[in-house]
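The values are calculated or read from the model by the stated rules, or taken from the named source; none is laboratory data. Worth saying up front: this structure is predicted, and the values here are computed from it rather than measured. A quick note on method: Cβ atoms are made from the backbone with ideal geometry, for glycine too, and the neighbour counts reach across all protein chains shown. Calculation scope for accessible area: heavy atoms of the full protein, side chains included, ligands and nucleic acids excluded. Shrake-Rupley method; radii C 1.70, N 1.55, O 1.52, S 1.80 Å.
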Amino acid sequence: MVGATGNVGTSLIAALESDPKVTTIVGVARRRPRWEGGPKTTFRAADISTDDLQDIFSGADAVIHLAWLFQPMRRPILTWRNNVLGGIRVFNAVAEAGVPKLVYASSVGAYSPGGGPVDESWPTHGWPAAPYGREKAYLERVLDVFELEHPSTRVVRMRPGFIFKREAASEQRRLFGGPFTPRAGGVPLIPDIPGLRLQILHTDDAARAFHLAATQPVKGAFNIAAEPVLDMPTLAELLDARLIPVPVSLARAAVAAAWRLRLIPATPGMLDIALHIPLMDTRRAREELGWTPQHAAPEALLAFLSGLREGAGMDTEPLKPDRGVRGRIEEVATGVGERP
């Protein structure tokens with residue numbers, strides 16, 4: 001499992017540890033965690049953009065590629081080197097090691113703009129103005145070629161919505177909200193931005209879907225998300241907050257200004273992706289994987305907010321808990337959106 005110490009990886013290790021058919025799990029991460037994972041799990045330190053991966057993959061029944069560098073968004077060459085070139089190195093190592101199955105974490109962000117709901121045949125050209133969309137879309141094209149060149153490798157592309165759990169809240173705050181995001185108490189106001197709606201799911205449900213994809217004889221793409229779709233009025237009702245109408249142009253200008261002033265680490269392109277991605281039809285995952293989410297979308301969001309209030313995390317480098325004022329000062333001092 002490449003990218004084993006992040007949001008999805010930690011939950012997926014727990015799911016695989018509980019499966020009696022799974023005998024050995026090798027977690028690959030740039031930095032070894034203090035978290036042990038379980039008796040079946042060992043960790044290997046490796047950087048997908050530079051280190052030899054073929055030896056690590058040798059003898060595996062499946063490689064699950066979860067690794068993704070969201071930051072630094074202000075240095076897109078660095079994220080391209082890790083995410084795209086590193087992803088290509090992972091795929092090539094899978095072929096060189098003769099691994100029979102590759103499960104890749106794509107995203108709803110790979111999809112071309114649309115209304116929806118769309119199935120897995122919808123074009124995956126992303127939103128070109130955002131590095132995240134470009135990189136996810138590019139790797140979809142790489143896998144198109146990979147499948148033609150390596151027909152004996154069963155390729156599964158997982159396309160989840162936005163994934164949340166309590167223990168990932170501090171990481172996601174650092175990645176997208178930045179050092180000035182308060183620990184959430186009540187949320188008094190929700191911006192009612194036309195067209196903004198999100199499909200989300202709990203990380204444990206995402207892990208179950210990846211688990212099924214890795215251990216069943218399936219291939220192709222699978223959309224995964226929980227119900228209901230969360231639009232702004234639904235969010236306001238859930239959080240007992242007041243809706244404030246905000247035109248798209250004003251919302252984008254505010255995000256762009258905060259980005260230029262280095263108040264937030266996420267580019268305005270991330271808002272554009274959220275506004276343009278289509279809704280996904282998850283029927284194939286339910287019918288062919290036998291996957292149904294155990295948590296409704298509001299549960300996943302509330303778990304995230306709970307973790308945000310508590311500064312929650314885990315004993316891995318990506319998921320380290322919020323360090324309070326000292327940690328936030330370090331985020332500012334090292335550049336908001338300037339470092340991995």
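Sorted by packing (mean other beta-carbon atoms within 10 Å per residue), highest first, where do 173-180, 45-52 land?
Put in order of decreasing packing, that is 173-180, 45-52.
Based on DSSP H runs of at least 4 residues, each adding -39500 (n - 2.57), what is the mean residue ellipticity at 222 nm of the chain after dividing by all its residues, to the nearest 500 deg cm²/dmol? After summing the helix terms and dividing by the residues of the chain, the value is -10500 deg cm²/dmol.
Taking Cα centre as origin and charging only the Cβ of basic (Lys, Arg, +1) and acidic (Asp, Glu, -1) residues, the dipole magnitude of the chain rounds to 900 debye. Simple rule: put +1 on each Lys or Arg Cβ and -1 on each Asp or Glu Cβ in region 227-340, find the dipole, and look at L263, L275, G311; the Cα lying farthest toward the positive end is L263. Counting only alpha carbon atoms, the long axis of helix 86-97 and the longest principal axis of the chain meet at about 20°.
Can you pull the percent of Cα pairs in region 215-340 with separation above 24 Å? Of all Cα-Cα distances in region 215-340, 52 percent exceed 24 Å.
Using heavy atoms of the protein chains and a probe of 1.4 Å, the accessible area assigned to K165 is about 10 Å². Apolar share of the accessible surface for region 125-262: 61 percent from carbon plus sulfur atoms, 1.4 Å probe. Restriction of the GluC sites (Glu not before Pro) in region 1-103 to DSSP coil positions whose beta-carbon has at most 15 other beta-carbons within 10 angstrom yields E36.
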